[in-house]
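Quick note: the coordinates plus some simple rules give every number you see, no bench work behind them. The shown structure was predicted, so the numbers you read here are calculated from the model rather than taken from an experiment. Please note: Cβ atoms are built from the backbone with ideal geometry, for glycine as well, and neighbour counts cover all protein chains shown.
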Amino acid sequence: MKTIASQVSEFVKSKPYLSTALSQGIINLTSLAREIQPEIEKALRKPARSGAIVMALKRISDNEEFLSTHKIVSVLRNLGDITVRSSLTDYCFKLSETLLLAQAEFLSAIKEKKDIFYTSSRGVGESNIVVSSNIAPLIEDIFRDEICIDKIDSLSAITVKLPNDNVKIPGIYYFIFQRLSWEGVNINEVISTSNEFTILMHEDSVNVAFEVIKNLKSL
């Protein structure tokens, strides 16, 4: 049976930015109730009192699911080092029987190079390799027999060290990427381990992205 409370909850869950704003207490519930009243009445197929919608919103904003935002903030305040690298190139290769052999040859060739950036990720049908642009010719030589699906130049990477507690708190990555989205930062790729993650973006966006991530420490 559809109730005002259930329909308000469904509406809020369909609007991620709204759920965050509710958890932070920055929305006037009476105004919001009037705004969403037609949607709620449409879902219920009957009139719904504005006061009942306000009460439902109040319960949602106090709910532990939404209060988890505060747990996320406490983790983000303890972010570790933020490292920025520029002049990167991202290659996407089709998986093949020889791709790993080419990667092994490449790793052997760069083992003495200390000041370069290298990372790779492997999917079901393709593999990405991100390197400092100054060794891009080496990639193109060693992987010359592989199928290159895509190549993107002029990228920068931001690597963030996360507290160990990050694996216990759901929603941390969403919280970070939400704020990057608000600032118009388009992310080309995300690479993560247990306690750190790296995002790749065009060099034009790196300063904005760095400020967004740095400011998370002072939430």
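Scalar couplings 3J(HN,Hα) for region 187-197, obtained by applying the Karplus form with A = 6.51, B = -1.76, C = 1.60 to θ = phi - 60°, are 9, 7, 7, 10, 10, 9, 10, 4, 10, 7, 9 Hz; x denotes Gly and Pro. Each Lys or Arg adds one and each Asp or Glu subtracts one; over the other residues with Cβ under 15 Å from the Cβ of Arg144, this totals -3.
Loop-only check: which GluC sites (Glu not before Pro) in region 114-194 are DSSP coil with at most 16 other Cβ within 10 angstrom? Can you show the working numbers first?
Numbers: sites: Glu126, Glu140, Glu146, Glu183, Glu189; in loops: Glu146, Glu183.
Filter output for region 114-194: Glu183.
Each of Leu18, Leu107 was scored by other Cβ atoms within 10 Å of its Cβ. Arranged with the fewest first, they read Leu107, Leu18. Which residue, Ile169, Val131, Ile199, has the largest displacement toward the positive end of the dipole of region 82-218 when charges sit on each Cβ (Lys, Arg +1; Asp, Glu -1)? The Cα lying farthest towards the positive end belongs to Ile169.
Using a cut-off of 22 Å between Cα atoms, the listed pairs Lys58/Lys168; Lys161/Lys217; Lys15/Lys168; Lys114/Lys151; Lys114/Lys161; Lys58/Lys217 include Lys58/Lys168; Lys15/Lys168; Lys114/Lys151; Lys58/Lys217 as exceeding that distance. The local environment of Asp165, defined by Cβ-Cβ distances under 14 Å, has a net charge of +3 under the rule Lys, Arg +1 and Asp, Glu -1.
Considering helices alone, the calculated mean residue ellipticity of the chain at 222 nm is -14000 deg cm²/dmol, with DSSP H runs of length four and up weighted by -39500 (n - 2.57) and normalised per residue.
For region 194-219, backbone nitrogen atoms closer than 14 Å to the point 7 Å from Phe177 Cα along Cα-to-C-beta are found at 197-201.
Where Lys and Arg each count +1 and Asp and Glu each count -1, what net charge lies around Lys2 among other residues with Cβ under 12 Å from its Cβ? Here the charged neighbours net out to +1.
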